[in-house]
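Asker: Input: one structure, supplied below.
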Amino acid sequence: MIQKLFKLKQQQINQQVLLKQQSQSKIDDIDEKLISTHSSLNSATVDIMGAISDFRVLQIHKETMKEHIVKLSQDKAKLKKQIEYYNNIIIGLSKESEQFNYILQEEKKAKAKEIMKQEEIVSSEFMQSKFIETKKGLNAY
């Protein structure tokens, strides 16, 4: 039973690690988008002889990119909180898993001691039977 619980905890840990890795991958994607958007924001220009309306469109475009950057930053912050949450779950599951592992190890030690006791009893009985046989053999002459 303890073995099944231990395996269950290990599976739960693996699931949480996968979820954490997915969130980290999303953060990496957001970082790439942020870099791309920053680059676009800094390099957006109009022709030297452009009309005033072109400047207004450029300004609207830059504002949109800034809003996009803010949105991406908020998404990144949410994902970081998610990763922290997953880390806390992983730590808790690891503690439980270690407890079950400790119980399993103690059970193995107890079984090993029991086997040693049984072997000692068997060997003791064997020695006693040999001693008795030897005694009978000596008394027969």
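Asker: Does region 88-95 include one or more residues that are among the basic types (Lys, Arg) and either surrounded by 15 or more Cβ atoms within 10 Å (Cβ to Cβ) or touching a residue at least 12 places away in the same chain (Cβ under 8 Å) (or both)?
Answerer: No - not one qualifying residue is present in region 88-95.
Asker: Tell me, please, whether a residue that is surrounded by 14 or more Cβ atoms within 10 Å (Cβ to Cβ), at negative phi and part of a helix (DSSP H, G or I) can be found in region 108-129.
Answerer: Scanning region 108-129, I find no residue that is surrounded by 14 or more Cβ atoms within 10 Å (Cβ to Cβ), at negative phi and part of a helix (DSSP H, G or I), so the answer is no.
Asker: Given the conditions (1) closer than 30 Å to Glu107 by Cβ; (2) free of Cβ contacts under 8 Å to residues at least 60 places away in the same chain; (3) among the hydrophobic types (A, V, I, L, M, F, W, C), and given that Met65 satisfies all but one, which numbered condition is not satisfied?
Answerer: (1)
Asker: Find all pairs meeting these conditions: Cβ atoms under 7 angstrom apart; at least six residues apart or on different chains; first residue within region 16-45 and closer than 29 Å to Lys62 by Cα; second residue of a type in the set (Asp, Glu).
Answerer: These pairs meet every condition: Ile30/Asp75.
Asker: Is region 49-61 home to any residue that is outside any helix (DSSP H, G or I), surrounded by fewer than 10 Cβ atoms within 10 Å (Cβ to Cβ) and either among the acidic types (Asp, Glu) or in contact with a strand residue (DSSP E or B) (Cβ under 6 Å, 6 or more places away or on another chain) (or both)?
Answerer: No, region 49-61 contains no residue that is outside any helix (DSSP H, G or I), surrounded by fewer than 10 Cβ atoms within 10 Å (Cβ to Cβ) and either among the acidic types (Asp, Glu) or in contact with a strand residue (DSSP E or B) (Cβ under 6 Å, 6 or more places away or on another chain) (or both).
Since every read-out is calculated from the coordinates, none of them should be taken as a lab result. All of these numbers come straight from a predicted model, not from anything done at the bench. All Cβ positions, glycine included, derive from the backbone under ideal geometry; neighbour counts span all protein chains shown.
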